[in-house]
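Here is the structure we will look at, set down as structure tokens.
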Amino acid sequence: MFKGQYVFSQITDHLPLHTFRRCVERYQGERYVKQFSCLEQYLAMSFAQLTHRESLRDIEACLQSQSSKLYHIGLRSHISRSTLADANEQRDWRIYADFAQALIKIARPLYAGDELGLDLKNTVYALDASTIDLCFSVFPWALFRSTKSAVKLHTLLDLRGNIPSFIHISEGKLHDVNSLDMIIPEAGSFYVMDRGYLDFERLFSLHNSGAFFVIRSKNNILFKRRYSRPVEKSNGVRCDQTIRLTGLNTKKKYPKPLRRVKYHDSETGKTLNLLTNNEIISAQTVADLYRYRWKVELFFKWIKQHLRIRSFFGTSENAVKSQIWIAISVYVLIAIIKKNLKIKAELYTILQVLSLTLFEKLPLEQLLGNNHYMTHIHENAIQLNLFDNLTGH
């Protein structure tokens, strides 16, 4: 039964608070802290994410306008921009990174059964990176080029549910391919990558771990064709070959045969050369797997547009990473709620609704348009419908 909780409280009820407390204890996040706990910091920053706040002053003004309700959503301390700024500077960002990873572990099994759109039961990951530009004079610690700063978001996205399984935040100058060294490959899974990750030594390590990859090849690699398979060219596949690398260095780094699929994308007009170590799936599936890589680009676009990671509430590395990890955890939390409550609306729609209703007292299921819930409430209602009663007379 609904107990009259605020929408924001109903959202935070889905947080595993025991896990959060363990993350705080792991990094001694509340050592010498007398007020404004790490949880309150997280709630305030989550409020900023959900309501699209642009600055600390903006957060302070909005929360103070609802001061009579703050206690009921878990904010016991007075919220001021200086208090929040100090917390963002001093509380270890790894608290929120570990907590976001814990939420990811909850979310991924919920989406494991989602259809991918391919006749493939394997887990499919898309690996990519996105750069978040920063002002050099304000963020000198994140040097990217001589006059520019940036941080880079390296993400391994599970294409079933679009839940990130691995995220690493680095300075902008870290090359994308280095993130392959941070990933623990899963045997039997597919890793789909753009040509920026073409490093045959790392790909051979991925192959030896029992994982499969699909990667776009560069045009200048040297190889020798061993044999070709027949293909159906009407769908865009131009050739399906087994090759061996013949370059002086590449043949040492990847001594095994590779499969080369040439595919013409009629929508973009591009012809793609794809490499994979899987000999079983069809050439069309190889091409389709690479086309599905666009989901990770949509993920980055969605994150940048709908979460607050373009304007930062602090200038230190700790403050920036804390904000990004909290933003990611909010994204995953909403994905968990969407699945738990069987909400059909898209994440974008859910966030738009929540941004205007956090201090309303409505059941989340009703607010987000769960038709099954509405029918259930109607069938079990105790109070009579006024207009039905009138028509009965």
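The values are calculated or read from the model by the stated rules, or taken from the named source; none is laboratory data. Being a predicted model, the structure only gives us computed values, none of them experimental. Methodologically, a virtual Cβ is constructed for each residue, glycine included, from the backbone with ideal geometry; neighbour enumeration extends over all protein chains shown.
Here are the numbers for the structure shown:
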read-out: Matching entry among 351, 358, 274 (being modelled with pLDDT of 85 or more and more than 28 Å from residue 71 (Cα to Cα)); value: 274
read-out: Among the candidates 42, 32, residue that is of a type in the set (Phe, Trp, Tyr) and more than 16 Å from residue 333 (Cβ to Cβ); value: 32
read-out: Subset tally (residues that are assigned to a loop (DSSP other than H, G, I, E, B) and β-branched (Val, Ile, Thr)) for the range 272-301; value: 2
read-out: Filter pass, residue 10 being in contact with a Lys or Arg (Cβ under 6 Å, 6 or more places away or on another chain), buried (at least 20 other Cβ atoms within 10 Å of the Cβ) and either part of a helix (DSSP H, G or I) or not assigned by TED's automatic domain parsing to the domain that holds residue 348 (or both); value: no
read-out: Test: residue in the range 183-197 that is among the acidic types (Asp, Glu), surrounded by fewer than 19 Cβ atoms within 10 Å (Cβ to Cβ), in contact (Cβ under 8 Å) with a residue 60 or more places away in the chain and within 21 Å of residue 119 (Cα to Cα); value: yes
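Here's the yes/no breakdown for (1) over 21 Å from residue 15 (Cα atoms); (2) crowded, with 20+ Cβ neighbours inside 10 Å; (3) without any contact (Cβ under 8 Å) to a residue 12 or more places away in the chain; (4) not aromatic (Phe, Trp, Tyr):
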| position | (1), (2), (3), (4) |
| --- | --- |
| 290 | yes, yes, no, no |
| 329 | no, yes, no, yes |
| 348 | no, no, no, no |
| 354 | no, yes, no, yes |
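Conditions tested, residue by residue: (1) assigned by TED's automatic domain parsing to the domain that holds residue 331; (2) under 25 Å from residue 326 (Cα atoms); (3) in contact with a Lys or Arg (Cβ under 9 Å, 6 or more places away or on another chain); (4) hydroxyl-bearing (Ser, Thr, Tyr).
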| residue | (1), (2), (3), (4) |
| --- | --- |
| 119 | no, no, no, no |
| 132 | no, yes, yes, no |
| 139 | no, yes, no, no |
| 149 | no, yes, no, yes |
| 174 | no, yes, yes, no |
| 189 | no, no, no, yes |
